[in-house]
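Step one of this worksheet: look at the structure below.
Values quoted throughout were computed directly from the atomic coordinates according to the rules given, and no laboratory measurement underlies them. Bear in mind that the values here come from a model prediction, so they are computed numbers and not experimental data. Positions of Cβ are generated from backbone atoms using ideal geometry, with glycine treated the same way; all protein chains shown enter the neighbour counts.
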Amino acid sequence: MTRSPETATVMTAADIDRALTRIAHEIVEAQRGVGELIICGIPRRGVPLAQRLGAKLAAIDPDFDPVASVGSLDVTMYRDDLRNSAARTPEPTQLPARGIDGRTVVLVDDVLYSGRTVRAALDALSDYGRPQAVRLAVLVDRGHRELPLRADHVGKNIPTSRSERVGVRLAEIDGLPAGEEQVVIIR
Amino acid sequence: MKHLLDTQALAHRDALAILDTAEEMTAVSSREVKKLPTLRGRTVVNLFFEDSTRTRISFEAAAKRLSADVMNFSAKGSSVSKGESLKDTVQTLDAMGADAIVIRHSASGAAAQLAASDWTDAAVVNAGDGTHEHPTQALLDALTLRRGWSRAHGENPRGRNLAGMRVLIVGDIVHSRVARSNVWLLRTLGAEVHLAAPATLLPYGAETWPVTIHYSLDEALREAPDAVMMLRVQAERMGGAFFPTAAEYTRRWGLTDERLALVEQLRLGATDSPALILHPGPMNRGVEISAAAADSPQSRILDQVAHGVAVRMAVLHLLLSQRQPDGSLDE
């Protein structure tokens, strides 16, 4: 007999939006001038989050141009677990045409867990150029790091056990109405 | 997918996974660092019992761009010329730690035999076996067709197949493993396939294939294909007389300057973009394709070469990163 998994909502659509607004303000504060800023989402769910952050940054400071400063960075080919996980199809990498050299790149992902995705992203980034600084923004930090990494901007710290899963449901990826977006813990 | 042996048994899902991965791989060759660390520490052996510089260097470039170590084994001047069997050759390579074996052989079914044997645990990629199949060539052709079609229609190529496309394959079908692989793959991807060839160059049983056969190139061009794929006249495989003279072949079956004028009128679907001209290379200019056709703006022949590296990167990546049935989570 299998028990159906138990899910608990830990962030609602409004919580997600508030967290992104706060992160956008933190990014502006940490960075003198937004002109040299690149916001880079890690597929899949980091990409729509990066786009939303870009829109919020533009609302805070009109000097920020979301079209020229928001991109995506696929890390599939840089992962260290390719030998023992399912073969993945890489997602598109689209970096702003002006490049990342000498700029501040903010990597955006939905969940920070082992830190291995971020390590892969740092390797991938170095093949495209040499940013002046790289920062990390995540919607959820669930702990259990396996590498010496931390996020600069966190939407919400959610203590979890390793047996649990964290699900981020976004309108763009999961095809649900914006009001029903949520972050859940699946036990 | 453990091996890539043919396109006849290639599932629609796997074909799309290869094309979508290849789509991202095409971007690597335009980057400053044209290398990915994906297959670091893995070994790919190119085991070529038949001459093929183009296919071999394409596989070599693909493996090297993924940071794999590459060993090239060509039968000429090797222990094979001293009488070593395929089994002994492969077991030797296995003992050296090959993770993937890319095999080109003059015997149809050589790759399948290798994959079915217990001589090696390596992933086997068929790089052309006799007159049977050449799956990576068909995949690169499909990538070229899909990109051309998607660009003309202003769509994102990812995830889409070739439904709605009509592809005409012209020439030496009987000796062409490229044609066979293309027929199966293009059909799997939903394209409509037409063949135009002299009766002597059509294989026995071709009428049972899921294709439309024309015995006149001019008649086939009137069906308004979206792409015309010219095959090489394989003189080295023709012991007998399959057609009277090269000039006669060109007059009836070649993409001459006069026929190029017809092809220039063809369009990709309902768009204003011109139809595509493909050729798997190497070309016999002036025989199956005129110089003007080969160099025309409609020609995608150099794109095909670039796409070949991308497709082979995708295949090596998908075969060498393991698939587990439980499908671990993405977090």
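How compact is chain B by the rule of thumb for globular proteins, expressed as Cα Rg over 2.2 N^0.38 Å?
0.99
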Of the cross-linked pairs B:K2/B:K64; A:K56/A:K156; B:K34/B:K82; B:K2/B:K87, which ones have a Cα-Cα span greater than 30 Å in the structure shown?
B:K34/B:K82
With a 10 Å Cβ neighbour count serving as the proxy for reagent exposure, in which order, fewest first, do B:F49, B:F243 appear?
B:F243, B:F49
Could you pull out the chymotrypsin sites (Phe, Trp or Tyr not before Pro) across the stretch B:231-299 that fall in loop regions by DSSP (anything but H, G, I, E, B) with no more than 15 other Cβ atoms inside 10 Å?
none
The protein assembly as shown: C-alpha pair distances exceeding 40 Å, %:
34 percent
Collect residues whose amide H, placed 1.01 Å from N in the peptide plane, falls under 5 Å from the amide H of A:L136; neighbours closer than 5 in sequence don't count.
A:L107, A:D152, A:H153
Could you give the dipole magnitude of the protein assembly as shown about its Cα centre, charging the beta-carbon of Lys and Arg +1 and that of Asp and Glu -1, in debye to the nearest 20?
660 debye
Taking the Cα centre of the protein assembly as shown as the origin and placing charges on Cβ (Lys, Arg +1; Asp, Glu -1), which of B:A261, A:P159, A:V10 is farthest toward the positive end of the dipole?
A:P159
Per-residue HN-Hα couplings for the stretch B:132-148, Karplus 6.51 cos²θ - 1.76 cosθ + 1.60 at θ = phi - 60°, whole Hz, x for Gly and Pro?
8, 8, 8, x, 5, 5, 5, 5, 6, 5, 5, 5, 5, 5, 5, 5, x
Test item: A:86-96 mean partner chain Cβ contacts at 10 Å:
6
Dimensionless Rg/Rh of the stretch B:1-154, both radii on Cα and Rh by Kirkwood, sits at 0.98
List B:E32, B:E248 from most exposed to least, where exposure is judged by having the fewest other Cβ atoms within 10 Å.
B:E32, B:E248
Going by a ≥ b ≥ c, the root eigenvalues of the Cα gyration tensor, does the stretch A:16-160 fall in the rounded group (a/c under 1.5), the prolate group (a/b larger than b/c) or the oblate group?
oblate
Using a 10 Å cut-off around each Cβ of peptide A:73-85, what is the average number of partner chain Cβ atoms that fall inside?
5
Rounded to the nearest 10 degrees, what's the angle between the helix B:301-320 long axis and the longest principal axis of chain B, both from Cα atoms, 0 to 90?
30 degrees
Rh by Kirkwood over Cα pairs, then Stokes-Einstein D for the stretch B:83-161 at 0.692 mPa s and 37 °C, µm²/s
225 µm²/s
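Using Cβ counts within 10 Å as a stand-in for footprinting exposure, how do B:K64, B:K76 rank, fewest first?
Details: B:K64 18, B:K76 10.
By the 10 Å Cβ count, ascending, the order reads B:K76, B:K64.
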Gaussian network model of chain A, springs between alpha carbon atoms under 10 Å - residue of A:T89, A:T160, A:T117 with greatest fluctuation:
A:T89
Using +1 at the C-beta of Lys and Arg and -1 at the C-beta of Asp and Glu, which of B:L168, B:P157, B:A191 has the Cα lying farthest in the positive direction of the dipole of the stretch B:149-191?
B:P157
With unit charges on the beta carbons (Lys and Arg positive, Asp and Glu negative) and the dipole taken about the Cα centre of the protein assembly as shown, which residue among A:L95, B:G41, A:V105 sits farthest to the positive side?
B:G41
Within 10 Å of each candidate Cβ there may be at most 16 other Cβ atoms; applying that plus a DSSP loop requirement, which GluC sites (Glu not before Pro) in the stretch B:49-138 survive?
B:E84
Report the antiparallel proportion of the DSSP beta bridges in the stretch B:39-185 as a percent, rounded to a multiple of 5.
5 percent
